[in-house]
Structure formats: structure tokens, C-alpha cells
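The values are calculated or read from the model by the stated rules, or taken from the named source; none is laboratory data. Predicted model only: the values in this text are computed from it and were never measured. When we count neighbours, we look across all protein chains shown, and the Cβ atoms used for this are built from the backbone with ideal geometry, even at glycine.
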Amino acid sequence: MTSLDEGLTAYVVENPGRILTLSAHRRVYEALIPVTSQSFGADMTPYWAQRSREGYLERLAEFVFVCDDMGTLVGWTGYHVLRFDEHIIVYLDSTGMVPSHQSRGTMRALLRDRIANGALPRCAGDSPVFLAARTESPIFFRLMRGIVNDAVMFPNPGIPTPAEVQLCGINLGTWLGQLDLLEPSTLMLRNAYDTLDELYGELPTTGDPDLDEMFRGALGPLDAFLLVSRIR
């Protein structure tokens with residue numbers, strides 16, 4: 001349990017696939033639907049039905065849920081630690097907060113804490129470690145950029161995608177079952193969310209014209225980028 005700003009509390013469930021019962025999994029998915037729908041401005045019932053079939057909770061290294069001072073669920077996140085021959089990828093898998101608690105730095109602080117104190121201690125050895133996520137949101141790109149501080153986040157319009165980052169994309173695309181959708185040089189996934197009509201009810205923007213154009217100028221309604229940055 002971690003106290004956050006604004007009276008929020010984060011609860012960390014390590015290895016939820018082993019800790020939580022199947023009935024608890026169902027309750028978590030049911031609780032996530034309204035919170036996620038508020039966060040994305042679209043009905044996320046089909047999304048969580050698909051994630052449930054994929055074993056989302058069963059495969060996570062950690063699942064974190066955020067509650068307000070009344071005990072109401074207002075946010076969530078989770079990550080996997082994926083070990084490949086060449087590197088380790090900490091993959092953030094589905095993250096969000098209800099609109100009333102967005103853009104206040106709370107999720108950024110929580111993710112920094114969980115990466116430093118949860119994910120990196122799981123990454124034994126001297127293999128390079130990359131932080132990665134899949135998104136069509138420039139707001140989430142900005143969040144990720146804030147987590148990694150001075151590290152370069154790819155894709156980056158001013159810098160060609162390095163070979164080691166493209167390899168991360170290929171390995172992650174394979175793990176996601178979406179390698180055939182991936183353009184490694186751009187880290188773009190075409191039709192990444194093909195189980196949905198659209199992910200967002202209204203496409204998010206940051207007010208940064210270059211960042212917004214990077215997403216809106218390149219991605220269709222169901223496309224996404226893989227975001228990748230080396231963190232160790």
C-alpha cells in the first residue's frame with residue numbers, strides 16, 4: 001500500500017495470477033470497466049472481455065489499483081517483466097485514471113515508484129533493460145517521457161530508431177501476437193486494436209503541436225505506437 005497525493009492510495013498485487021482467485025479476477029475486470037470507460041470516454045466492455053480471454057491479470061508481474069479516500073476505484077496500472085536473449089523489457093500494460101484525477105502527476109509518481117522499487121529489482125543480471133508500452137495517445141507518450149527523465153523515448157521524430165530499439169519492438173510485437181502489424185523502423189502497429197470500433201471516444205491531445213501531429217498525422221483510429229526507452 002502506497003499513499004499518493006490528493007488522498008489517493010495505491011494497492012500493489014504482486015503476481016496476481018498466483019495470488020488472486022478466478023472469482024477475484026472476474027470482480028477486478030468488472031470493476032475496471034466503468035473506470036476505464038470514464039478514462040477513455042468510450043465503452044470498454046469489449047476491451048476487458050478480450051483482455052480477460054488473453055489472461056491479462058494472470059500474466060502480470062504486478063497489478064496496481066488506485067482508490068480515493070472513500071475506497072472508490074479511480075485508477076489502475078500493471079506491468080510485465082519480459083526476458084529475451086538480448087534484453088529485458090518492462091512492459092506497461094493498460095494504465096489510466098478517471099478524468100478528475102488526470103494530469104496532476106499522480107500516475108507519473110506512482111509509475112516511477114513501481115519501476116524503481118518493483119520492476120527493476122526483478123531484472124537481475126547485466127542485460128539492458130527497456131521500458132515499453134503500446135498506445136495511440138500523445139498524453140501517454142508525454143507521461144512515459146516524464147518517467148524516463150533524460151532517456152530518449154522512441155519513436156522520436158528527430159532520431160532514427162536504433163537497431164536495439166527496433167529489436168525490442170520485434171520481440172514485443174511477437175509477444176503481443178502482433179508482429180505482422182509492426183513497422184519496426186517507426187514502431188507503429190497497424191490495427192493494433194482491431195477488437196474495438198475505436199479506443200477513445202474523443203482523440204486525446206496535449207497542446208504540444210509537434211507531439212500531437214506525430215500521433216494524429218501517423219495513426220489511424222485503431223493504430224498504435226510501441227513506446228520504447230532504455231532505462232538501464
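Assess whether Leu120 counts as being touching a strand residue (DSSP E or B) at 6+ places or on another chain (Cβ under 8 Å) and in contact (Cβ under 8 Å) with a residue 24 or more places away in the chain.
Working: touching a strand residue (DSSP E or B) at 6+ places or on another chain (Cβ under 8 Å): yes; in contact (Cβ under 8 Å) with a residue 24 or more places away in the chain: yes.
The answer is yes for Leu120.
When the stretch 146-175 is examined, which residues are found to be free of Cβ contacts under 8 Å to residues at least 12 places away in the same chain, closer than 18 Å to Met214 by Cα and not hydrophobic (A, V, I, L, M, F, W, C)? Let's see the steps before the verdict.
As a first pass, look at the stretch 146-175 and keep what is free of Cβ contacts under 8 Å to residues at least 12 places away in the same chain: 149-150, 156, 158-159, 162-163, 174.
Add one more test, that the residue is closer than 18 Å to Met214 by Cα, and what stays is 156, 158-159.
Passing the criteria: Asn156, Gly158.
Taking the criterion of being closer than 30 Å to Leu167 by Cα, surrounded by fewer than 18 Cβ atoms within 10 Å (Cβ to Cβ) and basic (Lys, Arg), would at least one residue in the stretch 57-74 satisfy it?
Going residue by residue through the stretch 57-74, those that are closer than 30 Å to Leu167 by Cα are 57-64.
Cutting the leftovers down to surrounded by fewer than 18 Cβ atoms within 10 Å (Cβ to Cβ) gives us 58-59.
Narrowing the set further to residues that are basic (Lys, Arg) leaves 59.
Scanning the stretch 57-74 turns up at least one residue that is closer than 30 Å to Leu167 by Cα, surrounded by fewer than 18 Cβ atoms within 10 Å (Cβ to Cβ) and basic (Lys, Arg).
Test of understanding: among Thr195, Thr186, which residue is part of a loop (DSSP other than H, G, I, E, B), among the polar types (S, T, N, Q) and modelled with pLDDT under 95? Write out each step before concluding.
On the way: Thr186 fails: modelled with pLDDT under 95.
It is Thr195.
Just to check your reading of the model, which residue among Ala133, Ala61 is small (Gly, Ala, Ser), over 30 Å from Asp212 (Cα atoms) and at pLDDT 90 or above? Steps first, answer last, please.
Details: Ala133 fails: over 30 Å from Asp212 (Cα atoms).
Among Ala133, Ala61, only Ala61 is small (Gly, Ala, Ser), over 30 Å from Asp212 (Cα atoms) and at pLDDT 90 or above.
Can you tell me which of Leu22, Leu73 is of a type outside the set (Val, Ile, Thr) and touching a strand residue (DSSP E or B) at 6+ places or on another chain (Cβ under 8 Å)?
None of the others qualify; the one that does is Leu73.
Six or more apart or on different chains, Cβ under 6 Å: which pairs go from a residue in the stretch 35-60 that's more than 19 Å from Pro16 (Cα to Cα) to one that's small (Gly, Ala, Ser) and assigned to a helix (DSSP H, G or I)? Could you list them?
Within 6 Å, the pairs are Asp43/Ser37; Met44/Ser37.
Limited to the stretch 130-153, what total is found for residues that are among the β-branched types (Val, Ile, Thr) and in contact with a Leu (Cβ under 7 Å, 6 or more places away or on another chain)?
Residues in the stretch 130-153 being among the β-branched types (Val, Ile, Thr) and in contact with a Leu (Cβ under 7 Å, 6 or more places away or on another chain): 3 in total.
Restricting to the stretch 94-117, and then to whatever is at pLDDT 95 or above and surrounded by 18 or more Cβ atoms within 10 Å (Cβ to Cβ), can you tell me which residue is nearest to Pro16 (Cα to Cα)?
Per the stated criteria, the residue is Arg114.
Tell me, yes or no, whether the stretch 118-131 has at least one residue that is closer than 24 Å to Gln178 by Cα and part of a loop (DSSP other than H, G, I, E, B).
Yes; the residues of the stretch 118-131 include at least one that is closer than 24 Å to Gln178 by Cα and part of a loop (DSSP other than H, G, I, E, B).
Among (1) over 14 Å from Leu226 (Cα atoms); (2) surrounded by fewer than 21 Cβ atoms within 10 Å (Cβ to Cβ), there is one condition Ile170 misses while meeting the rest; what is its number?
(1)
How many residues are closer than 17 Å to Glu136 by Cα, within 15 Å of the chain's Cα centre (by Cα) and not β-branched (Val, Ile, Thr) if we restrict to the stretch 33-79?
Final tally of qualifying residues: 3.
I'd like the full set of residues that are in contact with a helix residue (DSSP H, G or I) (Cβ under 6 Å, 6 or more places away or on another chain) and surrounded by 17 or more Cβ atoms within 10 Å (Cβ to Cβ), limited to the stretch 144-166.
Ile147, Met153, Phe154
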